Every structure is written in structure tokens, then in C-alpha cells.
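The structure appears right after this line, and notes come after that.
The values are calculated or read from the model by the stated rules, or taken from the named source; none is laboratory data. Everything numeric here is computed off the predicted structure, so don't read it as measured data. Neighbour counts are summed over all protein chains in view; Cβ atoms, including those assigned to glycine, are modelled from backbone coordinates with ideal geometry. Only protein heavy atoms, including side chains, enter the accessible area calculation; ligands, DNA and RNA are left aside. Shrake-Rupley method; radii C 1.70, N 1.55, O 1.52, S 1.80 Å.
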Amino acid sequence: MNRRVVITGIGVLAPGGVGTKAFWNLLVEGRTATRRISFFDASPFRSQVAAQVDFDAELQGLTPQQIRRMDRATQFAVVTAREAVADSGMEFAELDPPRTGVTVGSAVGATMGLDQEYRVVSDGGRRWLVDHEYAVPHLYGHLVPSSMAAEVAWAVGAEGPTTVVSTGCTSGLDAVGYARDLILEGSADVMVAGATDAPISPITVACFDAIKATTPRNDDPEHASRPFDNNRNGFVLGEGSAIFVLEDLEHARKRGAHLFAEIAGFASRCNAFHMTGLRPDGREMAEAIRVALHEAHMRPEDIDYINAHGSGTKQNDRHETAAFKRALGEHAYRTPVSSIKSMIGHSLGAIGSLEIAASALAIEHGVVPPTANLHEPDPECDLDYVPLIAREQRTDTVLSVGSGFGGFQSAMVLTRPERAQR
Amino acid sequence: MSSATVVTGIGVTAPNGLGTDAYWSATLRGQSGIGPLTRFEPQQYPARLAGEVSGFTAEDYLPNRLIPQTDHMTRMALVAADWALADAGVVAEQLPEFSMGVITAASAGGFEFGQRELEALWSRGGQYVSAYQSFAWFYAVNTGQISIRNGMRGPSGVVVSDQAGGLDAVAQARRQLRKGVGLVVSGGVDGCLCPWGWVAQLASGRLSRSDDPDRAYLPFDAEAAGHVPGEGGAILVLEDAEFARQRGAGRSYGEIVGYAATFDPKPGSGRPAGLRRAIELALADAGIRVQEVDAVFADAAAVPELDGIEAEAITEVFRPGGVAVTAPKTMTGRLYAGGGPLDLVAALLSIRDRVLPPTINVTLAPQYEIDLVTGTPRKAAVDVALVIARGHGGFNSVMVLRGGP
Amino acid sequence: MTQQKELTLQGLTTILKAAAGADEEVDLEGDILDVEFADLGYDSLALMETGSRIERQFGVRLNEATVLSATTPRAFLAVVNESLAQAA
């Protein structure tokens, strides 16, 4: 029983435009969606820039009750899950509920809702013994983010294995990797899987301020996210969601589905080093890449493009550059590497899935998205980071990597589906 | 390569006992850890009882440097992991670092830590938010801290599926062992007994409002009216049986032989609940027949509708009265992500000691046709046990355990 | 807000302990002025938390880059006290 897992539907909500098409256009045009934060008055904070999604829940078809009970990140997930199912060409009636599962990745859950509701029940932080009389009825759903997976399951009619995967900033890769495992082992034929986060809230901004992880480049928000650039000084917070329909290859073939990409390999490792720090040698990420390639039965030379974590902190950019060299050897120097965070910011748990979407679309369209704002490379980052302008290039195999607080290092190999049919 | 997943180490922080032996002897005595909340003044709230872990002083067990950067539940998780590894006789430095992983379940993260930082933010300003907030409250914190403390660099992960999550984490650990990892530290230790967490839990509408610790949490009882939340849980060391043998591990507590997870249909759809299917799939995964199962450790929601669904599923699969059913969590309260793993521990120790712990304080309501172990422990040769854990919203997870060879 | 002119070594260790705890292997009361923070058991997060507590307690702004480049208590105190002197 040699099962293989393919992506047959993509749903995206990203900064800079609603839907998968707008997302891809932004990336290939090298435009940035990083702006001054408008959700709240960010002026007291060190970092005041973010990449926000232009999102109208009602326009996206959510009911008033759904809007009331769901955190923004959950709303994103439900909208992109529906879009992914529609994109897969599958009618909802075709889904066999018990054989369909859901995995939603999220680093910070309903942070935005929790931040807002806390202010109310605590009377602006004045009461330690917060007042339950002011609590909204859906507060439990904010407390435990598994509500995100529940809402998606209800929206698509899934009754198979359902969970949230929350491994910080690798959640988006890990959730898809987890869902893939469920299909490979036969626990499901279809998984609606991906990730969401909507962290642009005062508590998140403040906690990244406290460790100076986000950029203070407040006077130039459009150019604030600068992975691999010598003048970078921290990441730019983002938000968004990407959810996929993953299917067993045979299941997809039988119904004549369009195949975007095969998820040919996946692995994650942990650096066991520091909750926020990275070892400069990139060992654990390199090991994750090595195992993911092994699972995919591929060699380093098979990689046509690397979709990097590229958060735009000095520590990260050097860490993963070292990891690519360690895992791919000389081939690292010949492989285009780019970070879409330069354009849509870093949406924590969601970004890994947005990067999978970009990787699948790179295969589909034969275009590698650029790294925006890269004018003067960090001398210690000496690979080909595709500065400023997208590159047309036949792309059969993509390596997408992520790195997160807690020490998580993940790597996924996506490949052109015809290749999968050998 | 062996495909058996064995449990070689256990670490427990439970409301009725700190450490495996204290927990188990209290559980067999029918001694409850449920009592009035002491962590904060609960008088103004409609629910005032909890299963607090008493006598836990983190400073006695952990480096001082870890204290300012950790929530209470993370400290308990780190200590439970230490105990589990010691119990398994694992010296992490002596094993290949990529052969060991950490996969835990979470529900609300370090919520008490988070409340302090939210308070700092909104009462004093952003510059008062701790440098540790960025990870101390997030859901992945226990996995990250346990991996760092023990130098474990293999596949790691975190799942969140409310109270079902603890079993899902152990199942994910088994998946990784089957892929060739040697050892995974798994399970869950949880808790958010702070005012902000309490108010959020109250919103579920499922907390018992009783002030009588003996009448507050009564699953399968005619007076069932919600549960008492608790804190704590269990961390397990899971190993590939061959890896355990090669490193010279001692006895194992037993083997994880089956697992399945399902999700309930959307309320109002008219479709059947998913629990029965999860039980059947887990048994099929284990290759174990219904009549081979000696005991069921119930989820025991203590919400009449949910008790009804669970009793019905058990009865449909095992026939009325066809299997012993128990809920030792009546002595701890519901521990969210920690609940499933603690039930796995109870099941493994039942197998070891040939005795089933009781469901305390409960008089079985006549409509449930299950053989509930009430009052005192029951002597029983338990070889195969099935553990049920359900999460708010419709998560059903079921795990099957068998005694070691 | 306490307006103090100078942060002493003892003041610094008190704040360090409150911010980030103390490594059991290290005697913070000893002669540590020129010992690297790394050898005292403190990482960059500990120093950032310490810096932010000093800012709040003394009502000053510390230069981020110079604070992070101070790798010993002596260098750290120099940065803080220079900022305090400028603010006075």
C-alpha cells in the first residue's frame, strides 16, 4: 500500500489582496504589503509596522453568528478551507465525512480575541479577579484553540481525525506534515489542512518588542521586511491563512482532480538549544532537510528552489544559510532561495502554509518569487536570494523550510505531480 | 525493526498525588484531590472547586533560572518529564540526540503567565510586558522546554484538541517511533487555575457549581451537572521496543496497541456522534476483539447528554454490562490536555497491579447500562484497557493498551 | 519612579535575579564585574528583561545596541550609568 499525498485545492488569505490569485500576483510582482499598523494605535510600541489582511468576514460569506463566535484567525481558517474545497473541484457532497479529517496549524490561537476580551473582563487591566459577568459566551473557544479545527470541520463536513497543531512558527509546515501522515497511514483519504494566525494585537506586538525581534523601521513600513539584507533589523508581523485539500493520490486520480504538487517528504527536528535562539551552525534544520529529502527519494541536486524561512532577523538568516549549505553542499550555491516574508510579513504559525502555497504555485507557474527589499546582501549570507525580481524558471521540486520559537526546525519537499507518477 | 510502542517511564503530577506512587495509592484509596480553590479568591464566581496539585514547589526541583520564564503548568510538566525519564532509566546524554523527540498536548498554554502579562500591558503599558511572554504562554512551550532541558533533538510536536489532545499526542509519538525514532517523551501536563482562565472555562457552561467536593463531579450519575477542572497530568516515556531493549531498559508498563480519532458531526446535522466509530477503529487498529478488552477508562464528561453518548457507545460496542468501566478522574477533576495521559497511567497501573480504581461518589443512573466500578477498587486481571478522551466541540480519541509481554 | 544617579553592581545583581533568576553554580555576590554574562548563566533574553526593568525603575531609555554589546557586568553598568548621567 504505497500511498502518496497530493495538494488538490488551495485557499489563501494573505496581506495585499484577497484570494490565491491576488496572493500570487503580489509575490511575482515583488510588491510589499507591509504598512503602518491600523488595527489599533501602535504609537506607544517600538515596532509599529505589520502586514494586515484586507478582510471583510461578511463579504467572505460568514454568518453574523460565525463572525461573533470566531476569532479573526478562525474566520480566516474557515474562509480559506471553503475556498480550498471549492478549488479542489470536489462537491461537498462528494466528501466522505468519516474519511475526511482536519488539521489546522496556529502558533498563537485566538490571541486577538483573548486580548480584546481580557480588557473587558479586567476593566482595562484593573482587576486581577476578572469579572465573569462581562465574559462573552464563546470565550471558551478562544481559550482552547482546538475550536479552530472544530469550526473548519463543521464548515467542510469532516468527521475524521481533527486537531490543531501548534508548534510556534513551524505550525504551518507541521500541520500539513501531520495531515500527510494521516493519509499515508490510511486514517483518512482527504485532509483539509493548513494554518492560520491573526496576531496583530497589542499583546503580541508588546511581547516581540520586549525581545526586540520585530523591526523598529517605522518610518519606512513598505521596506521594513528585509530578509538577507545587510540593513535588516527584525521581522515584520503579519497575518493570514492558507488551507489545502490534501488527498491520497489514487483518490485524487479517480476523480480526475487537478494536482498542484505532491508532498514528497517532510521532517521536523528540534534544536534543544534555546526557546528563542538558534545555533549558528544550522545543524537541526540541516538534519530535517536531509530526512525530508530521504523520504522523497531525492538528492540535493533535485532541488530547484528553496522557499526560505527568511524572517529578516540576523540570527535567522545566517542560521538557515548555514543549514542550506550543510544539507545541500555545493548545490546550495546554485539554488535560488527566496523569502516571501519580505512581501507579506511573518504571520507566525500561518506563514508555513502560505509558503507551501507559494511553493506549489511556483511549480505550477514556473516562476520563483523574489526576496523584496534585498539591495545589499549580508556578506555572511552568500547564496542566490533572488533579489527584487521574480524569476521565470521551470521548477519541479521545491524545498520549503521553517524555524520557530521552541527550537522547531521543519522541512518539506514539494514536487511536480507528474514526477510523482513515476 | 520492531514496531511495538512501549511505555517505559511515567511521571505524574496529579491533584490527588505528586509522583506516580502517591497518585496511584491515593487513587486506589478513593482519595480525591478536589477541594475549594486556593490559588485565587473564588468567592465571586459561580464555580469554586478545583483539583489543585498541592505541595508542588517548583524551586525544589528546577533550576532557579527557569522559574521567571515559566508558567506553573510548565514547571509541573518539566518535573513530570524528569520523573518519567528517571523512571525509564534514561540518561539522555548517553543516547543519540536525534533519536529522541518530545510531543506534548496543550489546551490553553501558560495562561496564568499570560494573565499577568496582559495585566501589565493594559494597566501599565507595553514596556512592562516580560521578555519571556513571547514563549511562556504559547501552546508549544512545554515541548520546547522539555526538549531543551533534556537535549532531545528528534521530531517534536504539539497538538491541541482540548481534552482529547493528550491521547492524540501519544498517538503522534507512536507514529514517529514507527518511522524510526527511538524514544519520545509524550503526554500532557496542563492547567489554567487563574481568574482569567477560570472565567474562560466558566463560559463553556460545563463547570459544576456545587460547593461540595463529594457531590460536584458525578459522571453517569442522575445528578451529573458538570465537571470540576483540575491541573496536572502525566508525562510518559514511549519507546520503540527494540530501542528500549538495546539500551538495556528494564520492564515496560505496557504497549500502545491501538488508536483512532474521529470528530462529531456539526450539531443539528442529524448524523450520529463519532465516539462509537472511534472505539471500533481503535480496536481494529489494535487487532483486538471486543471480548478481549478488560476495562474502559471513560471520558466521564458529567454532562448528561455527553454521558449518555458515551454510555451508549460503550454499550453498543461491548454489549450492556459487557466490560468494566471506570473514571478515576472523579478524584482529580478534568485535566484537559493532561487528562488522557493520566488515564493512560491509571490503565497501565491497573494492568500491572490487576486492580481497577473506582469511580468515586457516583451512583450509576439507571438509564446507563454500563458496568461502572464504583465505591472501592475491583480486583481484575486486566490485560487490555481502552481509554476514551473527548474534547469540547466534538473531538473523540480512543487508545488501546496491552500489558507488556 | 526612583530617580537614582547610579546603578551599583549590587543593584544590578538584584535586578538580574528578579528578572531572570540565578544559576545555582554561580556566586553573584563574588567578584563578577569582569565575568562574561554567559558564564554567569545569563543569555540575551535575560539581559533584555533586565534592561527593560532598569528602564522602568530608573525612568531612562537605554541604547539598545550598546546594551546588547555589553557582555560583562562592568560594561553593562557603564552603559546604564552613562545613560543615567545623560538623563540627569
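Before moving on, here are some points about what is shown:
- Verdict on A:Arg119 being more than 10 Å from chain B (Cβ to nearest Cβ), basic (Lys, Arg) and open to solvent by 10 Å² or more (accessible area, probe 1.4 Å): no
- Residue check for B:Phe98: at the interface with chain A (Cβ under 7 Å from one of its Cβ atoms) and open to solvent by less than 10 Å² (accessible area, probe 1.4 Å): no
- Helices (runs of 4 or more DSSP H) completely within the range A:255-372 that count 2 or more residues being more than 14 Å from chain B (Cβ to nearest Cβ): A:314-328, A:331-334, A:341-344, A:351-365
- For A:Ala153: the one exception among (1) facing chain B (nearest Cβ under 7 Å); (2) open to solvent by 10 Å² or more (accessible area, probe 1.4 Å); (3) part of a helix (DSSP H, G or I): (2)
- The listed residues are B:Gly287, B:Gly268, and the only one of them that is at positive phi, open to solvent by 50 Å² or more (accessible area, probe 1.4 Å) and without any contact (Cβ under 8 Å) to a residue 12 or more places away in the chain turns out to be B:Gly268.
- A:Ser187 meets the conditions (1) facing chain B (nearest Cβ under 8 Å); (2) surrounded by 24 or more Cβ atoms within 10 Å (Cβ to Cβ); (3) polar (S, T, N, Q) in every case but one. The failed one is (2).
- Output for the range C:12-32, where each listed residue is open to solvent by less than 20 Å² (accessible area, probe 1.4 Å) and away from chain B (no Cβ under 14 Å): C:Leu12, C:Ile32
- Just one residue in the set B:Ala120, B:Ala50, B:Ala108, B:Ala81 is outside any strand (DSSP E or B), crowded, with 16+ Cβ neighbours inside 10 Å, in contact with a Leu (Cβ under 6 Å, 6 or more places away or on another chain) and not hydroxyl-bearing (Ser, Thr, Tyr); that residue is B:Ala108.
- Residue among A:Gly345, A:Gly312 that alone is more than 17 Å from A:Ile356 (Cα to Cα) and either open to solvent by 10 Å² or more (accessible area, probe 1.4 Å) or not assigned by TED's automatic domain parsing to the domain that holds A:Ala224 (or both): A:Gly312
- Residue count, the range B:195-213 (criterion: surrounded by fewer than 23 Cβ atoms within 10 Å (Cβ to Cβ) and part of a loop (DSSP other than H, G, I, E, B)): 9
- Among (1) over 23 Å from B:Arg277 (Cα atoms); (2) aliphatic (A, V, I, L, M); (3) at the interface with another protein chain (Cβ under 9 Å from one of its Cβ atoms); (4) open to solvent by less than 10 Å² (accessible area, probe 1.4 Å), the one test that A:Met148 misses: (1)
- One residue stands out among those in the range B:27-47 that are polar (S, T, N, Q) and in a loop (DSSP other than H, G, I, E, B): the one that is least open to solvent (accessible area, probe 1.4 Å), which is B:Ser32.
- Exactly one residue out of A:Ser171, A:Ser122, A:Ser146 is of a type in the set (Ser, Thr, Tyr) and either outside the structural domain of A:Val190 (by TED's automatic domain parsing) or out of contact with any strand residue (DSSP E or B) (no Cβ under 8 Å at 6 or more places or on another chain) (or both): that is A:Ser122.
- Selected residue (only one of B:Ala385, B:Ala381 is over 18 Å from the mean Cα position of the chain (by Cα) and of a type in the set (Gly, Ala, Ser)): B:Ala381
- Criterion: in contact (Cβ under 8 Å) with a residue 60 or more places away in the chain, outside any loop (DSSP other than H, G, I, E, B) and touching an Asp or Glu at 6+ places or on another chain (Cβ under 9 Å) - qualifying residue of A:Gly160, A:Gly172, A:Gly177: A:Gly172
- Unique residue being touching a helix residue (DSSP H, G or I) at 6+ places or on another chain (Cβ under 8 Å), assigned by TED's automatic domain parsing to the domain that holds A:Asp219 and under 21 Å from A:Ile263 (Cα atoms) when the list is A:Gly61, A:Gly16, A:Gly9, A:Gly109: A:Gly9
- Total residues in the range B:339-376, condition in contact with a Gly (Cβ under 8 Å, 6 or more places away or on another chain), under 21 Å from B:Asp21 (Cβ atoms) and either outside the structural domain of B:Pro320 (by TED's automatic domain parsing) or open to solvent by 50 Å² or more (accessible area, probe 1.4 Å) (or both): 2
- For the range B:123-164, a residue qualifies if it is crowded, with 24+ Cβ neighbours inside 10 Å, over 24 Å from A:Phe273 (Cβ atoms) and more than 7 Å from every other protein chain (Cβ to nearest Cβ), and the qualifying residues are B:Gln163, B:Ala164.
- Which numbered condition B:Ala216 fails, given (1) aliphatic (A, V, I, L, M); (2) assigned by TED's automatic domain parsing to the domain that holds B:Gly19; (3) under 23 Å from B:Ser161 (Cβ atoms); (4) open to solvent by less than 10 Å² (accessible area, probe 1.4 Å): (3)
- Within the range B:255-274, being out of contact with any Lys or Arg (no Cβ under 6 Å at 6 or more places or on another chain), more than 11 Å from every other protein chain (Cβ to nearest Cβ) and modelled with pLDDT of 95 or more holds for one residue alone: B:Gly258.
- Within the range B:314-338, the residues that satisfy the criterion of being crowded, with 24+ Cβ neighbours inside 10 Å and either without any contact (Cβ under 8 Å) to a residue 12 or more places away in the chain or in a helix (DSSP H, G or I) (or both) are B:Ile314, B:Pro328, B:Lys329, B:Thr330, B:Met331, B:Tyr336, B:Ala337, B:Gly338.
- Tally, over the range A:178-226, of residues that are small (Gly, Ala, Ser) and under 15 Å from A:His251 (Cα atoms): 3
- Odd one out for B:Ala171, checked against (1) among the small types (Gly, Ala, Ser); (2) farther than 24 Å from A:Gly105 by Cα; (3) crowded, with 24+ Cβ neighbours inside 10 Å: (2)
- Some residue of the range B:294-302 being free of Cβ contacts under 8 Å to residues at least 24 places away in the same chain and either surrounded by fewer than 18 Cβ atoms within 10 Å (Cβ to Cβ) or farther than 25 Å from B:Asp212 by Cα (or both): no
- Filtering the range A:106-134 to residues that are of a type outside the set (D, E, K, R) and closer than 29 Å to A:Ala81 by Cα leaves A:Ser106, A:Ala107, A:Val108, A:Gly109, A:Ala110, A:Thr111, A:Met112, A:Gly113, A:Leu114, A:Gln116, A:Tyr118.
- Taking residues in the range A:189-212 that are under 27 Å from C:Val67 (Cβ atoms), and partners anywhere that are basic (Lys, Arg) and not in a helix (DSSP H, G or I), the pairs with Cβ atoms closer than 6 Å and at least 6 places apart or on different chains are A:Asp209/A:Arg46.
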